[in-house]
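Reviewing the structure listed below.
The values are calculated or read from the model by the stated rules, or taken from the named source; none is laboratory data. Just so it is clear, the model here is predicted, and its values are computed rather than measured. Cβ: placed from backbone, ideal geometry, glycine included. Neighbour counts: every protein chain shown.
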Amino acid sequence: MSNKVVIAKPGFNALTETDPNNLVFSSDYNTLKYAILATDSLVVDFSQYYYSEVIFGGTRYYHRKVLEITHNLGYIPFFIGYLLDYPSSGSDAQLPVYNADAFNFAQVQCYADATKLYFVYYAAILGGNSGIISLPVKYRIFKNRLGL
Amino acid sequence: MTRIFAVAKSGKNALTSTDPNDFIFHSGYNTFKILAENVLTGQTIDSNPKTITVAHNQSHTPTFYAFAKFPDGKVAAPDNHDFSEQVNVSAGYGQFTVEVDATNIYFIFTRFSSNYNVDIKYYIFESPL
């Protein structure tokens with residue numbers, strides 16, 4: 001017989017309960033192991049566009065800016081990225097986020113590999129070739145290895 | 001008297017703290033148990049869309065989360081596009097979404113032009129949706 005640690009929810013018997021939804025903790029089940037919570041800023045200088053095209057009687061400018069954050073875990077972890085105060089509403093959104101109309105689009109996405117997290121701003125904006133924005137981002141990294 | 005089992009973070013008092021963020025573990029708060037996790041390697045996206053169906057073997061529609069690793073080596077959560085696709089939309093890679101019902105979990109990938117391979121990691125958590 002294997003030994004285990006089980007804490008049941010009130011009203012349930014830790015010795016006999018088998019439904020994980022009725023347990024607060026069971027050593028039979030892994031959990032997410034929370035490691036890092038941090039914030040950073042993705043700064044976009046709209047004068048640094050990489051492509052432009054004449055469309056709809058104006059010029060549409062393409063932007064791609066990547067914020068790289070080193071985690072140095074040596075493996076790809078379970079992660080979640082957020083965009084804070086989106087869109088200047090005081091609300092925070094889990095990434096990815098997309099915004100578009102007939103002439104423009106903008107998106108913020110989040111990626112990981114074995115050394116870094118990447119926040120990517122990708123957009124095409126009619127007349128968008130000047131000004132600077134700073135997008136506040138937040139991320140949670142768990143110790144759990146994805147195995148990818 | 002109700003008994004609790006609590007492990008406080010360094011510098012916090014397990015006997016007096018009332019903030020759940022001060023605890024490594026507290027029996028008064030449920031843990032988000034992982035019921036199952038799996039990796040699907042070398043899945044070929046050869047149609048648009050391509051749906052990969054996996055039986056989750058739960059008795060209910062479960063809470064889930066997933067990641068996909070695209071050919072550029074970057075890993076993304078659902079609804080993100082492939083990292084490289086945002087530089088060159090003709091690269092041929094796509095976006096993925098995840099759906100679930102009482103029987104299966106579905107990974108749905110888009111393909112713009114060329115076939116490509118992905119690796120998928122998914123988690124099944126406790127608590128029905």
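At a glance:
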{"read-out": "Cβ-Cβ under 9 Å pairs, at least 6 apart or on other chains, region B:11-26 side within 23 Å of A:Ala8 (Cβ to Cβ), far side part of a helix (DSSP H, G or I)", "value": "B:Ala14/B:Asp22; B:His26/B:Pro20"}
{"read-out": "Qualifying strands (runs of 3 or more DSSP E) (wholly inside region B:1-68; at least 2 residues being within 30 Å of B:Ile108 (Cβ to Cβ) and touching a Phe, Trp or Tyr at 6+ places or on another chain (Cβ under 8 Å))", "value": "B:33-45, B:50-55"}
{"read-out": "Every pair of residues 6+ apart whose Cβ atoms lie under 7 Å, when the first sits in region A:37-65 and is part of a strand (DSSP E or B) while the second is among the hydrophobic types (A, V, I, L, M, F, W, C) and loosely packed, with under 12 Cβ neighbours inside 10 Å", "value": "A:Val43/A:Ile132; A:Val44/A:Ile132; A:Asp45/A:Ile132"}
{"read-out": "Hey, B:Ile24 touching a strand residue (DSSP E or B) at 6+ places or on another chain (Cβ under 7 Å), of a type in the set (Val, Ile, Thr) and surrounded by fewer than 18 Cβ atoms within 10 Å (Cβ to Cβ) or not", "value": "yes"}
{"read-out": "Matching residues, region A:106-126, being touching an Asp or Glu at 6+ places or on another chain (Cβ under 8 Å), within 12 Å of A:Leu42 (Cα to Cα) and surrounded by 21 or more Cβ atoms within 10 Å (Cβ to Cβ)", "value": "A:Phe119"}
{"read-out": "A:Ala14 among the hydrophobic types (A, V, I, L, M, F, W, C), under 30 Å from B:Gly28 (Cβ atoms), within 14 Å of another protein chain (Cβ to nearest Cβ) and in contact with a Pro (Cβ under 8 Å, 6 or more places away or on another chain)", "value": "no"}
{"read-out": "Checking A:Glu17 against (1) over 29 Å from B:Glu37 (Cβ atoms); (2) free of Cβ contacts under 8 Å to residues at least 40 places away in the same chain; (3) of a type in the set (Asp, Glu), the condition it does not meet", "value": "(1)"}
{"read-out": "Where A:Tyr86 falls short, out of the listed (1) part of a loop (DSSP other than H, G, I, E, B); (2) modelled with pLDDT of 95 or more", "value": "(2)"}
{"read-out": "Residues within region B:38-60 that are closer than 17 Å to B:Val118 by Cα and within 14 Å of chain A (Cβ to nearest Cβ), tallied", "value": "6"}
{"read-out": "Unique residue being farther than 21 Å from B:His81 by Cβ, of a type outside the set (Ser, Thr, Tyr) and buried (at least 16 other Cβ atoms within 10 Å of the Cβ) when the list is A:Leu73, A:Leu84", "value": "A:Leu73"}
{"read-out": "Sole exception among (1) modelled with pLDDT under 80; (2) closer than 16 Å to B:Ala66 by Cα for B:Ile124, by number", "value": "(1)"}
